[in-house]
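Bear in mind that the values in this text are calculations on the coordinates, not laboratory data. What you are looking at is a predicted structure, and each value in this text was computed from that prediction instead of being measured. Positions of Cβ are generated from backbone atoms using ideal geometry, with glycine treated the same way; all protein chains shown enter the neighbour counts.
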Amino acid sequence: MAYQHQNSTQSAGDRAIEKFTEMMITRLEEAKDNDWKQGWIGGQGFQGLPQNLNGRNYSGTNSLFLFIDTAVNKYAAPVYMTFLQKEKEGLRLKKGSEAMPIIYWDMSIKDANGQKVTLADYKNMTKAEKEKCEVRPFLRSFRVYNIDQTNMQEVNKEKYDKLIARFQPPKLADTEGMYRNAALDRMFERQEWLCHIQYDKASEQAFFRPSQDLIVLPLKAQFKMSTTESGIFKDGMEYYSTALHEMAHSTGTPERLNRTVGSRFGDPRYAKEELVAELSSAMVGNAMGFDRRIQNNNIAYVDGWLHALREEPKFIVSVMADVNKASNLILQKIDEQKLALGEAPVLGTQQEQANEPSQKTKTSAPLQDQAEDVAKSVVKANIYKLSTGTYVIQASVNGQELDQKPIDNKTAVTYLRMKDGQKMDQMLSDIVREKYGSELNPPRVNRNESRGLKI
């Protein structure tokens with residue numbers, strides 16, 4: 001088996017975070033160039049969260065950046081597929097198509113003796129045994145493509161049209177011609193948010209007052225600033241966007257999500273909290289059919305946000321961890337209203353993945369996208385030694401590379417020192433099965449077939 005050195009130790013998860021950071025920096029710079037008139041996401045909004053080809057929602061970080069990717073590239077809907085799903089559909093990618101990363105959390109587990117523990121073994125441990133283990137979450141990533149990056153519209157227009165129709169929000173207006181959202185209106189009227197919302201009295205500004213656990217909103221009519229029909233309609237969207245921004249702030253109290261928030265302007269933690277509220281309201285709003293412009297009073301923070309994004313590679317991870325929690329809490333409460341109104345919920349029953357690292361163990365749904373439809377495919381694998389001295393296995397399916405996975409040194413050295421080709425093939429198959437999941441179901445490796453695992 002090939003023994004190769006690799007110069008770069010950057011993981012697929014790190015590359016995905018770099019991509020997301022670049023997208024956010026570009027978004028902020030474009031907003032500055034457009035005098036802040038452009039929305040955070042830059043689209044018209046959709047009905048629901050981005051989905052994979054099988055209808056599962058992407059959540060959290062992935063949802064936000066797939067929304068941005070859809071808007072920037074003017075795709076008709078936020079529907080994405082893996083390389084293997086594209087193959088199963090008999091589709092081809094358009095020339096120059098670049099994939100978007102999807103991130104998810106995995107876990108590295110070691111027992112009290114420092115020995116690596118598989119997820120399956122960890123799940124079967126007693127509570128006492130689990131408490132002795134060291135569990136370290138880390139990011140993984142795989143790649144997806146939008147349906148508009150393929151020729152689906154030409155070869156299967158009926159399916160394409162059905163997918164697009166799924167995301168078209170209704171255009172509802174009130175008596176003043178402003179956008180109307182029945183779920184949020186019902187929540188305000190019945191006071192069914194986490195704290196009281198004052199929405200029926202004039203106010204010069206919107207704010208959340210932690211000392212009173214109170215959100216104050218100006219009257220909806222105060223947002224009617226435009227003179228054109230389309231402008232007035234969008235003014236209504238700004239009203240709800242502003243409400244979502246303050247609702248996001250209210251999720252951070254100690255008894256709720258317990259975010260660390262600065263107490264004064266200029267405090268980096270205060271600036272971060274404003275970014276969390278902005279992105280949470282943008283993501284929730286976009287899933288409900290409207291985009292959000294960056295608030296004028298937050299323009300002062302933009303240079304600080306840009307500096308943090310450029311100087312701290314993991315800043316976006318920290319921000320999005322809070323955005324994921326806040327937006328999910330808001331969407332859960334909105335779905336309660338939508339169900340009461342007889343409307344379809346935003347979150348639905350299935351989500352593509354949970355973005356927060358946790359010591360709770362469950363099957364990671366993104367692995368279904370990687371392994372789904374692998375039957376009748378060819379899996380190839382190689383073991384590499386990195387420049388750090390550690391070993392990894394790199395597998396591919398039909399030429400599409402999967403993530404590298406770490407291997408303990410003893411296993412790698414044992415494998416590399418083997419002389420019997422058949423035993424090497426069997427051991428490699430076992431490693432692939434352990435590292436990439438039982439869904440791949442690899443039989444023995446045939447070294448005469450370029451180390452391909454025929455499935």
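Evaluated over the stretch 93-150, the count of Lys pairs having alpha-carbon atoms less than 20 Å apart is 8 (only pairs 8 or more residues apart or interchain). The stretch between Lys127 and Thr227, if pulled fully straight at 0.36 nm per residue, gains 29.6 nm over its current Cα-Cα span. Of the residues Ile25, Ala76, Gln47, the one whose Cα sits farthest towards the positive end of the charge dipole of the stretch 21-90 is Gln47 (charges of +1 on Lys and Arg Cβ, -1 on Asp and Glu Cβ, taken about the Cα centre). Modelled label positions at Gln168 and Leu219, each set 7 Å beyond Cα in the direction of Cβ, lie 3.6 nm from each other.
Note on Arg433 and Glu29: their simple-model spin labels are 5.0 nm apart, each label 7 Å out from Cα toward Cβ.
Here the label points at Leu257 and Glu22, each 7 Å from Cα along the C-beta direction, are separated by 2.8 nm in the simple model.
Here the Karplus relation 6.51 cos²θ - 1.76 cosθ + 1.60, evaluated at θ = phi - 60°, turns the backbone of the stretch 318-332 into coupling constants of 5, 4, 5, 4, 6, 4, 4, 5, 5, 5, 5, 5, 5, 5, 4 Hz, with x for every Gly and Pro. Given R0 = 51 Å, the distance between the Cβ atoms of Gln191 and Asp420 translates into a calculated FRET efficiency of 0.10.
What number of lysine-lysine pairs in the stretch 134-268 show an alpha-carbon separation below 18 angstrom, given a sequence spacing of 8 or more or placement on distinct chains? Total qualifying Lys-Lys pairs in the stretch 134-268 comes to 7.
Sites listed here are GluC sites (Glu not before Pro) in the stretch 189-233 whose DSSP assignment is loop and whose Cβ has at most 15 other Cβ atoms within 10 Å: Glu192, Glu204. The Cα atoms of the stretch 91-234 give a gyration tensor whose axes a ≥ b ≥ c have a/c of 1.5 or more with a/b no greater than b/c, which makes the shape oblate.
For Arg92, the amide hydrogen comes within under 5 Å of the amide hydrogens of Asn151, counting only partners 5 or more places away or on other chains and with H modelled in the peptide plane.
Charges on Cβ only, +1 for Lys and Arg, -1 for Asp and Glu, centred on the Cα centroid of the stretch 80-224; of Val117, Ala165, Leu214, which one is farthest towards the dipole's positive end? Positive-end residue among those listed: Val117.
Between the amide H of Ile407 and those of Tyr391, Val392, Ile393, distances stay under 5 Å, these residues lying 5 or more places away or on another chain, with hydrogens modeled in the peptide plane. Charging the Cβ of each Asp and Glu at -1 and of each Lys and Arg at +1, and nothing else, the dipole of the stretch 131-177 about its Cα centre rounds to 320 debye.
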